[in-house]
Amino acid sequence: MYRLVIAISRLLFQMLGLRIQVDGARHVPRSGPAILVSNHVSFLDFIFVGLAARPSGRLVRFLTRYDVWHNVIAGPAMTAMRHVPVDRAAPAGAFLEARAALIRGEVVGVFPEAGISRSFTVRALMPGAVALSRSTGAPVVLVALWGPQRIATAGLPLNLRRRRPISIAVSPPIALPADGSVRDATIELGKQLQQLVDGVQQRHPVQPRLGCPDRRHPAHLGGAAPTAAAAATKADVPRAAVRPPDRGGRF
């Protein structure tokens, strides 16, 4: 099933004529456990994170909202691919299942923002990625995505225009505090992820044009998306999420 989904995704890429640039795919370990932590800008992000892991020959087990399993087509497919359902009201089960996958030496994919960021900056993060790393010793590898938000993102219409550039950057395993609070380590994770995302956004070939408001580009880089602070007031963020320490809503 997983390989069938990969084949369908490749066909989709060809139909849309996507120009995909992946930097740093070599940083995904070829063996052993790893936690891929990505920003979340579109409904297609899991496809692109999985793509970044393919050169290393790895299949990523994603933590995904459990309501996806309610779909009669997607549910069985998600089970067959051994992705992990997450119930926000009772996340312990997902944590234990992801932990078991890491202990088996698998790669687990996490979108710690627990939803698409409408400001296209890194919003409040769930602490699960840090907790999983501390519990298993698995390295944390960051993935920054930019470009998929121009196809399908929250609150904006679907846009199937061809030849969209997609940028994917993968970091080497990052260093996080081995002691101290999980909250403080999650803040450090947010800062490093935001830094990686900033770089990808600034280097991307599509930038806002003067006098043309761009709702799919972050406000601090000249776009017309909501600011991080404005988006945070409307975001559906779980209570356990660790919020950015800056008053402007950015890590």
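Name the single residue, out of those in the stretch 170-195 being part of a loop (DSSP other than H, G, I, E, B) and of a type in the set (S, T, Y), that is surrounded by the most Cβ atoms within 10 Å (Cβ to Cβ).
Only one residue fits best here, namely S171.
Do we find that P55 is in a loop (DSSP other than H, G, I, E, B), out of contact with any Phe, Trp or Tyr (no Cβ under 7 Å at 6 or more places or on another chain) and either modelled with pLDDT under 95 or farther than 24 Å from G155 by Cβ (or both) in this structure? Lay out the reasoning, then the answer.
Details: in a loop (DSSP other than H, G, I, E, B): no; out of contact with any Phe, Trp or Tyr (no Cβ under 7 Å at 6 or more places or on another chain): yes; either modelled with pLDDT under 95 or farther than 24 Å from G155 by Cβ (or both): yes.
It is false that P55 is in a loop (DSSP other than H, G, I, E, B), out of contact with any Phe, Trp or Tyr (no Cβ under 7 Å at 6 or more places or on another chain) and either modelled with pLDDT under 95 or farther than 24 Å from G155 by Cβ (or both).
How many of the residues in the stretch 9-27 are closer than 26 Å to V107 by Cα, assigned to a helix (DSSP H, G or I) and not polar (S, T, N, Q)?
Let us first name the residues in the stretch 9-27 that are closer than 26 Å to V107 by Cα, namely 9-13, 18-27.
When the remaining residues are screened for being assigned to a helix (DSSP H, G or I), the result is 9-13, 25-27.
Now restrict to residues that are not polar (S, T, N, Q): 10-13, 25-27.
Qualifying residue count, the stretch 9-27: 7.
Name the single residue, out of those in the stretch 196-244 being in a loop (DSSP other than H, G, I, E, B) and in contact with a helix residue (DSSP H, G or I) (Cβ under 6 Å, 6 or more places away or on another chain), that is surrounded by the fewest Cβ atoms within 10 Å (Cβ to Cβ).
T227
Looking only at the stretch 156-180, count how many residues are modelled with pLDDT of 95 or more, of a type in the set (G, A, S) and out of contact with any Leu (no Cβ under 7 Å at 6 or more places or on another chain).
1
Scan the stretch 168-191 and tell me whether some residue there is without any contact (Cβ under 8 Å) to a residue 12 or more places away in the chain, more than 30 Å from G32 (Cβ to Cβ) and aliphatic (A, V, I, L, M).
Among the residues of the stretch 168-191, not one is without any contact (Cβ under 8 Å) to a residue 12 or more places away in the chain, more than 30 Å from G32 (Cβ to Cβ) and aliphatic (A, V, I, L, M), which makes the answer no.
Quick one: L36 ticks every box in (1) surrounded by fewer than 16 Cβ atoms within 10 Å (Cβ to Cβ); (2) touching a residue at least 60 places away in the same chain (Cβ under 8 Å) bar one, so which box is it?
Only one criterion in (1) surrounded by fewer than 16 Cβ atoms within 10 Å (Cβ to Cβ); (2) touching a residue at least 60 places away in the same chain (Cβ under 8 Å) is unmet by L36, namely (1).
Taking L96 and the conditions (1) over 26 Å from R3 (Cβ atoms); (2) touching a helix residue (DSSP H, G or I) at 6+ places or on another chain (Cβ under 8 Å), which numbered condition does it fall short on, given that it satisfies the others?
Tallying (1) over 26 Å from R3 (Cβ atoms); (2) touching a helix residue (DSSP H, G or I) at 6+ places or on another chain (Cβ under 8 Å), L96 fails exactly one: (2).
If G32 satisfies all but one of (1) in a loop (DSSP other than H, G, I, E, B); (2) modelled with pLDDT under 95, what's the number of the condition it fails?
(2)
Need pairs with beta-carbon distance below 8 Å; first residue more than 15 Å from R164 (Cβ to Cβ) and within the stretch 9-31, second in a helix (DSSP H, G or I) and of a type in the set (K, R); sequence gap 6+ or separate chains.
Taking only residues 6 or more apart or on different chains, the pairs are A25/R54.
Is there a residue in the stretch 159-169 that is of a type in the set (S, T, Y), outside any loop (DSSP other than H, G, I, E, B) and surrounded by fewer than 20 Cβ atoms within 10 Å (Cβ to Cβ)?
Looking for residues that are of a type in the set (S, T, Y), outside any loop (DSSP other than H, G, I, E, B) and surrounded by fewer than 20 Cβ atoms within 10 Å (Cβ to Cβ), one finds none in the stretch 159-169, hence no.
Determine which member of the set R65, R82 is under 17 Å from the mean Cα position of the chain (by Cα) and in contact (Cβ under 8 Å) with a residue 12 or more places away in the chain.
On the way: R82 fails: under 17 Å from the mean Cα position of the chain (by Cα).
So the residue among R65, R82 that is under 17 Å from the mean Cα position of the chain (by Cα) and in contact (Cβ under 8 Å) with a residue 12 or more places away in the chain is R65.
The values are calculated or read from the model by the stated rules, or taken from the named source; none is laboratory data. What you are looking at is a predicted structure, and each value in this text was computed from that prediction instead of being measured. Because the Cβ atoms are built from the backbone with ideal geometry, glycine has one as well, and the counts that use them run over all protein chains shown.
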